[in-house]
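The values are calculated or read from the model by the stated rules, or taken from the named source; none is laboratory data. This structure is a prediction, so every number in the text was calculated from the model and none was measured. Glycine also receives a Cβ, built like all others from the backbone with ideal geometry; neighbour counts cover every protein chain displayed.
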Amino acid sequence: MSHASGAGSGAVQSGGHPRGLSTLFFTEMWERFSYYGMRALLVLFMTDVVANGGLGMTVVTATAIYGLYTFAVYAVALPGGWIADRVTGQRQAVLIGGIIIAVGHLTLAIPTVAAFYIGLVLIVLGTGLLKPNVSAIVADLYPEGGARRDAGFSIFYMGINVGALAGPLVCGTLGERVNWHLGFSAAGVGMILGVAQYVWGWRHMGDAGLLRHRDGDDRGRALRSFWWGTGLVVALVLAVTWLQGAGLLAFSILDVAQGTGVTITALVVLYFTYIFMFGRLSPEERGRVAVIPVLFVAAAVFWSGFEQAGSSMNLFAEGLTDRMAFGFEVPTTWLQSVNPLFIILLAPVVGALWVRLGSKNPSIPAKFTYGLLLLGLGFLVLAWGATFTTAGARVSPMWLIVTYFFHTVGELCLSPVGLSSITKLSPKRLVGQMMGIWFMAAALGNLLAGLVAGLVESLAVPQLFGAVGLTVIGGAVVMLLASGPVRRLAGDVR
């Protein structure tokens, strides 16, 4: 153990990394434990009959709520980052967010419909404060950047997947086998542990994540903007609720989800139109920025399929999979841990492959094409397996496991590559905005995933998975055809 201090961390280092990294590792691990643990239960809980403690919802309603929830978790990262930059600093934002998440999960443990919705809203708000800002603090621990920061992020991302692996095993087992609300409580306890160790490790982070110097007037203006914005949102929600209660406005959860998708798509189109018309881009910047909408669409298509894991694929695991092994029925939610397990095992392999290829390393559009193709092939495998579920027959969980293998390799081709590509393609002055756009692609994909999953009730399962698979493969073909122009627009960015 050395005792050197980094300029940003001010902390004793261990193994060449700031001690603050271990604090952030476990903070994110417990946050992902709570998120994926609860997510594995969400659709199952909503569709279970009331007599078993569920909400008795139709699949269409439950998956629409699931889509809106997972959409919001990503979408609120934008205001969460703004609040941290201008009002609280990342360090305080993570603490406040963690506390709100814990309260949200514990609210879900209260067996009432009102508590269910309040709990979801609290988790969304808390995640918006914690998720983008904990990553920003990791970067702050390495002010010198370079390979050491990359290695630090690799360790940090391992914490994400350890939490995602453990959450469904613990929370899922308690929720499915004992009581739904006990599973939600376990997620809350996990987040409490995350907050406790975050506070304990606060001293190891030096000045990383603290609010940068802003004068009192500047912070005051930001606070006023925050409260005005919050007030307008609350007023709008109350007004719409009152209008619907009075019978003057009628809409369903499905209508809200569909309307949100259309609105977000329109806003993204308007944003890029504005950037190209008034963004004062140089010819080189214009070419690079033109690549980002292409990656946005490809990523949204990818996540709309990939995020079926928590909805339609979860329902398939529950109702059409034979989970008996050695006289023990494996809980449905355990299959949600297959993807993070594959990530832990395969991420080093895929990363090493890109390095080994050197100058032959595939281009950005090529990797996106591989990601979409593998995702589509995974769904075709599952569609094939689903053809054997006629007349109430159940199939081996290996169909799902093989599908998750294809999906994981596809994720490793597209997700980290996309994240890195956006930072390289964006003009320095627009990096923050473009990263927000990248997260909006994930948010839109999650919303679409929920809407697509709702078709389980109207389409035969093989048809649904087959349609998703062919659509995604169609996206891969379009990406392949666009590869040449995209490479030329990207210039020397690979």
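Conditions tested, residue by residue: (1) among the charged types (D, E, K, R); (2) over 28 Å from residue 43 (Cβ atoms); (3) surrounded by 16 or more Cβ atoms within 10 Å (Cβ to Cβ).
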site: 241; (1), (2), (3): no, no, no
site: 258; (1), (2), (3): no, no, yes
site: 272; (1), (2), (3): no, yes, yes
site: 276; (1), (2), (3): no, yes, no
site: 284; (1), (2), (3): yes, yes, no
site: 307; (1), (2), (3): yes, no, yes
Any hit, the range 109-123, residues being closer than 22 Å to residue 441 by Cβ and among the aromatic types (Phe, Trp, Tyr): no
Count of residues meeting criterion [without any contact (Cβ under 8 Å) to a residue 40 or more places away in the chain, of a type in the set (D, E, K, R) and in a helix (DSSP H, G or I)] in the range 210-230: 3
Checking residue 114 against (1) of a type outside the set (Val, Ile, Thr); (2) under 29 Å from residue 229 (Cα atoms); (3) crowded, with 17+ Cβ neighbours inside 10 Å, the condition it does not meet: (3)
Count of residues meeting criterion [part of a helix (DSSP H, G or I), polar (S, T, N, Q) and either farther than 21 Å from residue 350 by Cβ or not assigned by TED's automatic domain parsing to the domain that holds residue 472 (or both)] in the range 366-408: 1
Residue match in the range 193-202 (condition: in contact with a strand residue (DSSP E or B) (Cβ under 8 Å, 6 or more places away or on another chain), in contact (Cβ under 8 Å) with a residue 12 or more places away in the chain and buried (at least 22 other Cβ atoms within 10 Å of the Cβ)): no
Failed criterion for residue 207 (all others in (1) assigned to a helix (DSSP H, G or I); (2) within 30 Å of residue 27 (Cα to Cα) hold): (1)
When residues of the range 136-180 are limited to those that are of a type in the set (Gly, Ala, Ser) and surrounded by fewer than 21 Cβ atoms within 10 Å (Cβ to Cβ), the one nearest to residue 54 (Cα to Cα): 166
